[in-house]
Amino acid sequence: TGLNEAFVVNRATRDRLIAEHPSSAEVLKPFLRGRDVKRWRCEFSEQYLIKIESSENKVHPWSRKPEKEAERIFSRTYPAVHAWFEPMRSALVKRYDQGKFFWELRSCDYWQEFERPKIVIPAIQNGAKYAFDHHGFYSNDKTSIIVTAEAGFVLPILNSAIAWWIAKQSFPSKQGGFYEFKPAYVSTIPIPIASSADKARLTALAERAAKQAGAGDAAGLRATEREIDEIVYRLFDLTPDEIAHIENSLAGARGGAAEEAEDTYE
C-alpha cells in the first residue's frame, strides 16, 4: 500500500467508517498479513484493506478529473474514508507506491484473483505452511497466491513432506531456519500427474486437515498428514529408500501445525 497505517484498519475502525457513511463498506475488504497464514488454514485477525484501485485499473467518478476536482468527488463518494485519510495526507502524498491520486492504491492487474478460491503462501516461513482461502481475503507482499481450479488437490501436495524436503534443498534460506517462499521458488515444485480418484481423495484429506488444524486436533492431523504423504510418495513413484531418506532428513523439522513456531516475518 505504501502506507499500511492508512490503508489497513482494524475491526473497530472498519465499523466506525461504515457507521459514519455506508459507502465505506464498498471499499473495506478482509485482509491477511503473512502471520495470519498458518499450515492448512488462514486465521483472520479482523484486519481490513481500504481497497481503492488506481484509476489506471478502474474508472471511478473522479478518474478523469483534475486533481482538486477529483478529490472533491472522492470526498463526496466516500466521505468517511476521505476524513480518515486527512490526518495522513502528507504521508499519503509523499509515498512512492500509489495510484494516479494519493488516495488510490498502486496499479494491479490481478485484483479479481483475490476474491477467487486460492492457496495463500507466506513469503518467508520455517515450514511448509500453505493454506486454502475460500473467503476472498486480500493480502500484501508478505504473501503470494496460487489461483487454481484444483486447489484442493494442489494444497496437500504443497504441504507434503516431499514438497518441504524440496524447499529445504532449493529455496533461499534465512536466519533461524526460515526459507523464502516466493513465487519464483514455489513454482519449481513439481505437481505429479494423478488420477481423478487420487485427486478426489487428496482434496477430501486437505479439507479434513484444515478442520483438524482449526480445531487443534494434533493427533488427528498427524494421521491425516501421514495418509497424504503416503499418497504423494506413490504419485512421485518413490522407492522405500528414497522415502526413508526424506523422512530421516526432515525428522523434527517438519514445520507442521503441531509445531508452529512464532512467526517473525509478517
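Numbers for the structure displayed
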item	result
Per residue Cα convex hull volume in Å³ - calculated over the stretch 76-201	155
Per residue accessible area of the chain, 1.4 Å probe, in Å²	49
Sites residue 108 and residue 12 - FRET efficiency at Förster radius 30 Å, r taken between beta-carbons, to 0.05	0.65
nm² value of the averaged projected area, convex hull over the Cα atoms of the stretch 1-99	7.1
FRET efficiency, 1/(1 + (r/R0)^6) with R0 45 Å, evaluated for residue 236 and residue 67 via beta carbons	0.20
For peptides 207-214, 233-240, sequence by mean Cβ density within 10 Å, most packed first	207-214, 233-240
Cα-only Debye scattering, the chain: base-10 log of I(q)/I(0) at q = 0.15, 0.17 Å⁻¹	-1.05, -1.24
Mean separation of Cα contacts under 8 Å (6+ apart) over length of the chain, as relative contact order %	20
Taking the C-alpha atoms of the stretch 117-171, convex hull volume expressed per residue in Å³	75
Accessible-area composition of the stretch 138-227, carbon plus sulfur, in percent [1.4 Å probe]	53
Listed residue pairs exceeding 22 Å between alpha carbons, taken from 142/211; 38/58; 58/100	142/211; 38/58
Value at 222 nm in deg cm²/dmol, rounded to 500, when DSSP H runs of n ≥ 4 in the chain each add -39,500 (n - 2.57)	-12000 deg cm²/dmol
Kyte-Doolittle mean at least -0.5 and Cα axial length at least 24 Å: DSSP H helices in the chain	196-215, 218-235
Per-pair calculated FRET efficiency, R0 = 25 Å: residue 115 and residue 5 via Cβ, rounded to 0.05	0.50
Restricting the stretch 9-51 to chymotrypsin sites (Phe, Trp or Tyr not before Pro) in coil, as DSSP defines it, with at most 15 other Cβ within 10 Å	44
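The values are calculated or read from the model by the stated rules, or taken from the named source; none is laboratory data. Only a predicted model underlies this, so the values are computations on that prediction, with no experimental measurement involved. Here the Cβ is made from the backbone with ideal geometry for all residues, glycine too, and neighbour counts use every protein chain on show. Quick note on the areas: whole protein, heavy atoms, side chains included, nothing else; ligands and nucleic acids left out. Shrake-Rupley method; radii C 1.70, N 1.55, O 1.52, S 1.80 Å.
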